[in-house]
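Here the structure is laid out as structure tokens; the discussion comes afterwards.
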Amino acid sequence: GVDESGNPLKTETGRQYEIGLHYDLPNSDSMLSIALFDIEKNNIATSSLSVPGAFVQTGQARSRGIEIGGQWELPGNFSAITSYTYLDTEITEDPLNKGNELPFAPRNMASAWLKYDFIGNVLEGLSVAGGVRYIGERYSDNANIYKMDAYTLFDAALIYQKNDFKAALTARNLFDTDYVSYCANSFLATQAP
């Protein structure tokens with residue numbers, strides 16, 4: 001890519017530290033995982049708000065957080081998958097935006113998925129599932145001018161699996177929730193009703 005003056009972008013570099021733990025619960029198909037991370041990136045390219053097709057580079061930014069996830073074997077042919085992420089971002093070197101949060105980086109994200117498997121009857125091989133996803137508030141630009149609202153979506157699936165055959169029918173955003181998932185131009189977004 002190129003910057004707003006047409007010059008080639010500098011190479012993005014970074015470093016990452018991560019430590020984690022994965023634990024399989026005894027006598028169960030359940031497991032729990034947790035990870036702590038610290039990421040530093042240099043020369044991050046984001047879309048220019050004033051020159052279409054060009055980019056602006058941020059000097060340096062860091063992301064720190066924790067991810068917790070689990071797969072759970074539950075009584076009565078039920079199983080679940082859960083996850084939670086806490087993310088703390090900061091632009092650490094930039095003449096205009098130092099101290100701001102990185103765009104499109106929600107502080108909180110969570111999801112849960114519950115599945116029921118029909119076992120030992122005429123419907124064996126069939127599963128029904130439902131899930132929920134939460135994405136927290138996040139900014140759309142380095143200047144942190146426009147904050148996109150948090151949203152929660154619900155999903156469902158009907159799955160059939162027998163031997164080497166698998167078919168699935170999925171439905172995302174079951175309740176047809178209106179939400180902003182991405183905003184490339186904060187000026188235009190603030191003009192929207």
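The values are calculated or read from the model by the stated rules, or taken from the named source; none is laboratory data. Remember, it's a predicted structure, so these values are computed and weren't measured experimentally. For neighbour counting, all protein chains shown are included, and Cβ atoms are generated from backbone atoms with ideal geometry for every residue, glycine included. All accessible areas refer to the heavy atoms of the entire protein, side chains included, with ligands and DNA or RNA removed. Shrake-Rupley method; radii C 1.70, N 1.55, O 1.52, S 1.80 Å.
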message: Only four residue types carry charge here, +1 at the Cβ of Lys and Arg and -1 at the Cβ of Asp and Glu. Report the dipole size of the range 1-49 about the Cα centre in Debye, rounded to the nearest 20.
response: 140
- prompt: Tally Lys/Arg at +1 and Asp/Glu at -1 over every other residue whose Cβ is under 15 Å from the Cβ of Ala35; what's the total?
  reply: -3
task: Would you calculate a helix-derived [θ] at 222 nm for the chain, using -39,500 (n - 2.57) for each DSSP H run of n ≥ 4 and dividing by the full residue count, to the nearest 500?
output: -500 deg cm²/dmol
task: Quote the accessible area belonging to Leu25 in square angstrom, nearest 10, computed with a 1.4 Å probe and with ligands, DNA and RNA left uncounted.
output: 60
statement: Reduced to Cα centres, the span from the range 3-40 to the range 56-122 in Å works out to 11
- line: Taking Lys and Arg as +1 and Asp and Glu as -1, residues besides Pro75 with C-beta under 13 Å from its C-beta add up to -3
query: For Lys98, which aspartates and glutamates qualify as cross-link partners when the Cα separation must be under 13 Å and same-chain residues fewer than eight apart are set aside?
result: Glu90, Asp141
message: Compute, for the range 63-141, the length of the dipole vector about the Cα centre, with Cβ point charges of +1 (Lys, Arg) and -1 (Asp, Glu) only. Units Debye, rounded to 20.
response: 180
task: Add +1 for every Lys or Arg and -1 for every Asp or Glu among the other residues with Cβ under 13 Å from the Cβ of Gly1, and state the total.
output: -2
- prompt: What lysines could a cross-link reach from Lys162, if we take a straight Cα to Cα line under 22 Å and drop same-chain neighbours fewer than 8 places away?
  reply: Lys115
task: Report, in debye and to the nearest 20, how large the dipole of the range 87-193 comes out about its Cα centre when Lys and Arg carry +1 and Asp and Glu carry -1 on their Cβ.
output: 300
